[in-house]
């Protein structure tokens with residue numbers, strides 16, 4: 001059996017993976033945009049953003065604009081690296097003929 005690389009448990013969460021997947025393709029995204037795209041509750045999204053921030057995968061900046069607070073998220077170089085590693089590891093599970101793909 002071919003050993004499979006471990007999937008990053010931080011990115012293996014559906015919501016955290018969605019956040020990183022969105023941020024990988026944009027310069028930055030505000031909280032409202034991420035909430036709309038992920039369809040997550042504000043509380044859950046806030047918690048998951050905090051976990052990604054604490055791990056150094058994203059940076060978060062807060063400002064006050066247009067009479068309301070604004071939270072902006074941006075993927076870091078570490079986040080890009082970890083996402084690439086996650087995608088590569090996941091690819092090992094999807095290769096035809098691998099032990100991980102039995103249909």
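Filtered by the rule that a residue be in contact (Cβ under 8 Å) with a residue 12 or more places away in the chain and closer than 16 Å to residue 25 by Cβ, region 58-81 gives 58, 72, 73, 74, 75, 76, 79, 80.
When region 58-79 is examined, which residues are found to be closer than 16 Å to residue 23 by Cα and in a loop (DSSP other than H, G, I, E, B)?
Step one: of region 58-79, the residues closer than 16 Å to residue 23 by Cα are 58-61, 71-79.
Matches in region 58-79: 76 only.
Among the numbered conditions (1) modelled with pLDDT of 95 or more; (2) under 16 Å from residue 12 (Cα atoms); (3) surrounded by fewer than 17 Cβ atoms within 10 Å (Cβ to Cβ); (4) out of contact with any strand residue (DSSP E or B) (no Cβ under 7 Å at 6 or more places or on another chain), the only one that residue 53 does not meet is (4). For region 25-57, residues that are touching a residue at least 40 places away in the same chain (Cβ under 8 Å), closer than 19 Å to residue 68 by Cβ and in a helix (DSSP H, G or I) total 1.
Inspection of region 1-12 identifies no residue that is at pLDDT 95 or above and part of a helix (DSSP H, G or I). Of all the residues in region 1-24, those that are in contact (Cβ under 8 Å) with a residue 60 or more places away in the chain and touching a strand residue (DSSP E or B) at 6+ places or on another chain (Cβ under 9 Å) number 1. Please verify whether residue 35 is modelled with pLDDT of 95 or more, on the phi < 0 side of the Ramachandran plot and under 11 Å from the mean Cα position of the chain (by Cα), treating the condition exactly as stated. For residue 35, the condition - modelled with pLDDT of 95 or more, on the phi < 0 side of the Ramachandran plot and under 11 Å from the mean Cα position of the chain (by Cα) - is not met. When restricted to residues that are exposed (fewer than 14 other Cβ atoms within 10 Å of the Cβ) and under 21 Å from residue 9 (Cα atoms), region 19-45 contains 3.
Criterion first (closer than 30 Å to residue 95 by Cβ and assigned to a helix (DSSP H, G or I)) does residue 16 satisfy it?
Details: closer than 30 Å to residue 95 by Cβ: yes; assigned to a helix (DSSP H, G or I): yes.
So residue 16 fits the description; yes.
Residue 101 falls short on exactly one of the conditions (1) in a loop (DSSP other than H, G, I, E, B); (2) modelled with pLDDT of 95 or more, and that condition is (2). Answer with yes or no whether residue 81 is farther than 17 Å from residue 14 by Cβ, surrounded by 11 or more Cβ atoms within 10 Å (Cβ to Cβ), out of contact with any strand residue (DSSP E or B) (no Cβ under 8 Å at 6 or more places or on another chain) and modelled with pLDDT of 95 or more. So residue 81 passes the test.
The values are calculated or read from the model by the stated rules, or taken from the named source; none is laboratory data. Since this is a predicted model, take the numbers as computed values, not measurements. Note that each Cβ is placed from the backbone with ideal geometry, even for glycine, and that neighbours are counted across all protein chains shown.
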